[in-house]
1. Would you mention how many residues in the stretch 37-51 are in contact with a helix residue (DSSP H, G or I) (Cβ under 9 Å, 6 or more places away or on another chain) and not hydroxyl-bearing (S, T, Y)?
2. For the stretch 3-53, which positions are surrounded by 14 or more Cβ atoms within 10 Å (Cβ to Cβ), in contact with a strand residue (DSSP E or B) (Cβ under 6 Å, 6 or more places away or on another chain) and among the hydroxyl-bearing types (S, T, Y)?
3. Which one of the conditions (1) in contact (Cβ under 8 Å) with a residue 40 or more places away in the chain; (2) assigned to a strand (DSSP E or B); (3) of a type outside the set (V, I, T) does Y78 fail to meet, given that it meets all the rest?
4. Collect the residues in the stretch 54-75 that are modelled with pLDDT under 80, in a helix (DSSP H, G or I) and in contact with a strand residue (DSSP E or B) (Cβ under 7 Å, 6 or more places away or on another chain), keeping them in residue-number order.
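The values are calculated or read from the model by the stated rules, or taken from the named source; none is laboratory data. None of these values were measured; they are calculated from a predicted model. For neighbour counting, all protein chains shown are included, and Cβ atoms are generated from backbone atoms with ideal geometry for every residue, glycine included.
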Amino acid sequence: MNFPMWNMPGTTFGLGFSLKEQPDNDEPQSAIGVYLWGGMAGTHFWWSPKVNLAGICMTQRMPGFWHPFSQEFKKLAYKIATS
């Protein structure tokens, strides 16, 4: 499946969620196997079974895809959980 609004290499899409198969350059190796999904106005959910960590970011921003708030939130959550 191709989404014209953003590029998500290393991510597979299924029914109800997507699955991270390869981490991005700024993500830890524990990001492999993360389930995630984002909504139209900036909502974003992810769950990392390897780290036993989940996050929900509920912003209202259009267009909401991959805004810096949810990415920074995820980085800080990983940093806290793995330190």
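1. Just the residues of the stretch 37-51 that are in contact with a helix residue (DSSP H, G or I) (Cβ under 9 Å, 6 or more places away or on another chain), to begin with: 38, 42-44, 46, 48, 50-51.
Then drop every residue that is not not hydroxyl-bearing (S, T, Y), which leaves 38, 42, 44, 46, 50-51.
Residues flagged as in contact with a helix residue (DSSP H, G or I) (Cβ under 9 Å, 6 or more places away or on another chain) and not hydroxyl-bearing (S, T, Y) within the stretch 37-51 amount to 6.
2. Result: T11, S18, Y35, T43.
3. (2)
4. Within the stretch 54-75, the first condition is being modelled with pLDDT under 80, and the residues that meet it are 61-71.
If we keep only those that are in a helix (DSSP H, G or I) too, we end up with 68-71.
F69, S70, listed by residue number.
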